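Enquirer: Take this structure, written in structure tokens, and hold onto it; I'll ask about it next.
What follows draws every value from the coordinates through simple rules; no lab data is involved. Being a predicted model, the structure only gives us computed values, none of them experimental. No Cβ is skipped: glycine too gets one built from the backbone with ideal geometry, and neighbour counts run over all protein chains shown.
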Amino acid sequence: MTTEATTTATGTPGAEHDEGTVLRQIATMLRELPDAGLDDAEITRETLFHDDLELESIDLVALAGSLREHYGERVNVALFIADLELDEIIALTVGQLVDYVAESLRAAERG
Amino acid sequence: MAKIRTGDITTHVQRLPAGAAGGTAPEGEAPVVVFVHGLLTDSLASYYFTLGPAFSAAGVDVVMYDLRGHGRTDRPRTGYQLEAFVEDLAYLLDGLEEERPVHLVGNSFGGTVAAAFAAWHPERAASVTMIESEPPVAAWTGHMAEGLAHARRELVRDEAIDWIAEQHGAHTARLSRGAGRILASTTLAEDIPSGRVIDDDLSAIRCPLLAVFGDESGLSAQVPELEAKLPDCRTVVLPRQGHSVLVEQPTRTRDLVLDWVRAHHVPGRRAAAVAGAAR
């Protein structure tokens, strides 16, 4: 899993753990969620899962599954969510999830 | 997304093995907890984002699933009697090859399903936790018939949804609209009150039972009766708390149920269950 791009400096544009790359990846996962109707949705860091995308909590379960499929053990979404209160989950932005995923990937790289 | 064939439908299930959400996996056989969610506005997400990860981190094998008609499990038009929900769970445990007796934890209607499962599959139930639930007795079907008929009348009306949005916010209004869709497209409202029940003496429930209530919901009035009828029963009534115990007091609920499961965990029950079945 080690490549030139991922062993160089943190935040390298285009690297897997770069926030922009993670955002594009998560946006793709969201658009591909079954039954969520987000095929053409505009998704930015500020987008709210609940109010903007109108995702039901069961859609977030599916998203957590997509993240696990893509990133494997390196990103533990269950752990991230376990630390949030219900109202924090409702107010969750795409950017918050992006930052968590990017930081997890960097931490996994550091070993 | 894991889907498992359970009789005539496909059921959405999520598992979190012990230690998967941080913490450490226990030595020896871990207890297994099956979380059963409530009716209409609910799905396995209520546990996936609350108790599920906490239990996994505490060394429990966690099973969460969507009841028929809910979440990402199939929604047939008919077939919502209590025994259908119970058989789905039996099929699910078969499909997961789960041989350990399970600790069932149910919220509201989920607690009724849990108690019914323990009554009708006693060899597979290690304990039952009911959070703001009634056991599946005749009086329960009466309460459900009333509540469901009212919900089916109201939740299809836009004015009712608008009122809910004003009183309880957009989130609750959206959940209510989803509930209205289930009621309008299925026979659930008639089926649930017409299903199988257990005798009023509760003698069918033979495993230990924990019942948690909020003192403001009205359901806590069952406490003396539960304690009198069940030989191994613990009741907890939370002060200044309504029906939404799980949502409003997740930490308290987690601690109560974890302590309960640990106290009733008998490692090696898998072997004992097999030997028991052979007798």
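Enquirer: Within 10 Å of each Cβ of A:61-67, how many other protein chain Cβ atoms are there on average?
Expert: Values: counts 14, 6, 0, 5, 3, 1, 0.
Shielding by partners across A:61-67 averages 4.
Enquirer: Find how much the distance from A:Glu103 to A:Arg31 grows on full extension, using 0.36 nm per residue of separation minus their present alpha carbon separation; answer in nm with one decimal.
Expert: 23.6 nm
Enquirer: Quick one: putting +1 on the C-beta of Lys and Arg, -1 on the C-beta of Asp and Glu, what dipole do you get for the protein assembly as shown around its Cα centre, in Debye to the nearest 20? Intermediate results must be reported in sequence, preceding the final value.
Expert: Working: 33 positive and 60 negative charges, 212 e Å.
Taking the Cα centre of the protein assembly as shown as origin, the dipole is about 1020 debye.
Enquirer: Now a separate question. What GluC sites (Glu not before Pro) does region B:41-147 have in DSSP loop regions with at most 14 other beta carbons within 10 Å? Each step should come with its number before you reach the end.
Expert: Values: sites: B:Glu83, B:Glu87, B:Glu97, B:Glu98, B:Glu99, B:Glu123, B:Glu132, B:Glu146; in loops: B:Glu97, B:Glu98, B:Glu99, B:Glu132.
Taking region B:41-147 and a limit of 14 other Cβ atoms within 10 Å, the loop GluC sites (Glu not before Pro) found are B:Glu97.
Enquirer: Given A:Leu55, A:Thr21, B:His70, which one lies farthest toward the positive end of the charge dipole of the protein assembly as shown, if we put +1 on the Cβ of every Lys and Arg and -1 on the Cβ of every Asp and Glu?
Expert: B:His70
Enquirer: Can you give the convex hull volume per residue for the Cα atoms of region B:63-188, as a whole number of Å³?
Expert: Values: hull volume 14.2 nm³, N = 126.
Dividing the Cα hull volume of region B:63-188 by its residue count gives 113 Å³.
Enquirer: May I pose another question? When only DSSP loop residues count, what trypsin sites (Lys or Arg not before Pro) in region B:19-102 have their Cβ near at most 10 other Cβ atoms within 10 Å? Working shown, then result.
Expert: Numbers: sites: B:Arg68, B:Arg72, B:Arg77; in loops: B:Arg68, B:Arg72, B:Arg77.
Qualifying residues, ordered by number: B:Arg77.
Enquirer: Using each residue's phi in region B:203-219, evaluate 6.51 cos²θ - 1.76 cosθ + 1.60 at θ = phi - 60° and report the 3J(HN,Hα) Karplus result to the nearest Hz, with x for Gly and Pro.
Expert: 5, 6, 8, 10, 8, x, 10, 10, 10, 10, 10, x, 6, 9, 8, x, 5
Enquirer: Still on this structure, I have one more. Which far-off residues, 5 or more places away or on another chain, put their amide H under 5 Å from the one on B:Thr10, with H placed in the peptide plane?
Expert: When sequence neighbours closer than 5 places are left aside, the close amide H contacts are B:Asp74.
Enquirer: Can I ask one more? For chain A, return all DSSP H helices satisfying: extent of Cα atoms along own axis at least 20 Å; mean Kyte-Doolittle hydropathy at least -0.5. Kindly include the intermediate steps, with their values, before the conclusion.
Expert: Details: long enough: A:57-71 (21 Å, 0.38); A:94-110 (24 Å, 0.01).
Helices meeting the span and hydropathy rule in chain A are A:57-71, A:94-110.
Enquirer: Further, regarding this structure: I'd like the orientation of helix B:158-168 relative to chain B: the angle between its Cα long axis and the longest Cα principal axis, in ° from 0 to 90, rounded to 10.
Expert: The helix B:158-168 is inclined about 60 degrees to chain B.
Enquirer: Next up: I'd like the distance separating the alpha-carbon centroids of region A:44-93 and region B:64-136, in whole Å.
Expert: 26
Enquirer: Most fluctuating residue of A:Glu85, A:Glu73, A:Glu56 in a GNM of chain A with Cα springs under 10 Å: which is it?
Expert: Sorting by GNM fluctuation, first place goes to A:Glu85.
Enquirer: Sticking with this structure for a sec: List residues of region B:64-80, by number, whose backbone nitrogen lies under 17 Å from a label position 7 Å along Cα→C-beta of B:Thr187.
Expert: B:68-69, B:75-80
Enquirer: Whole-Hz Karplus ³J(HN,Hα) for region B:107-123, in order, using 6.51 cos²θ - 1.76 cosθ + 1.60 and θ = phi - 60°, x for Gly and Pro?
Expert: 9, 6, 4, x, x, 5, 4, 4, 5, 5, 4, 5, 6, 9, 9, x, 6
Enquirer: Show the residues, 5+ positions off or on another chain, whose built amide H is closer than 5 Å to the amide H of B:Ala126.
Expert: Here the answer is B:Val102, B:His103, B:Leu104, since their amide H atoms fall under 5 Å of that of B:Ala126.
Enquirer: Further question: Quick one: which residues, 5+ away or cross-chain, put their amide H under 5 Å from the amide H of B:Thr235? H built at 1.01 Å from N.
Expert: B:Ala211
Enquirer: Could you work out, residue by residue across B:85-93, how many beta carbons of other chains sit within 10 Å of that residue's beta carbon, and then give the average as an integer? Before the final figure, lay out the partial values.
Expert: Working: counts 0, 0, 0, 0, 0, 0, 0, 0, 0.
Going residue by residue through B:85-93 and averaging, the value is 0.
Enquirer: For a quick check: sort B:Asp66, A:Asp35 by the number of other beta carbons within 10 angstrom, fewest at the front.
Expert: Details: B:Asp66 24, A:Asp35 10.
Listing B:Asp66, A:Asp35 from fewest to most nearby Cβ atoms yields A:Asp35, B:Asp66.
Enquirer: Which whole-Hz couplings ³J(HN,Hα) result when phi for each residue of region B:87-100 is put into the Karplus expression 6.51 cos²θ - 1.76 cosθ + 1.60, θ = phi - 60°, listed in order with x for Gly and Pro?
Expert: Going residue by residue, I get 5, 4, 5, 4, 4, 4, 5, 4, x, 7, 6, 8, 9, 6 Hz, with x marking Gly and Pro.
Enquirer: Using alpha carbons only, how many degrees (0 to 90, rounded to 10) separate the axis of helix B:250-263 from the longest principal axis of chain B?
Expert: Approximately 30 degrees, to the nearest 10.
Enquirer: Now for a separate question. In region A:14-110, how does Rg compare with the Kirkwood Rh, expressed as the Rg/Rh ratio over alpha carbon atoms? Before the final figure, lay out each step's value.
Expert: Values: Rg = 12.5 Å, Rh = 13.5 Å.
Taking Rg over the Kirkwood Rh, I get 0.93.
Enquirer: Only loop residues by DSSP count here, and only those with at most 15 other Cβ atoms within 10 Å; note down the GluC sites (Glu not before Pro) in region B:180-247 that meet that. Write out the running numbers ahead of the final one.
Expert: Working: sites: B:Glu190, B:Glu216, B:Glu225, B:Glu227; in loops: B:Glu216.
Passing sites in region B:180-247 are B:Glu216.
Enquirer: Taking every DSSP beta bridge with both residues inside chain B, roughly what % is antiparallel (nearest 5)? Present the calculation step by step, with values, prior to reporting the outcome.
Expert: On the way: 9 of 34 bridges.
The antiparallel proportion sits near 25 percent.
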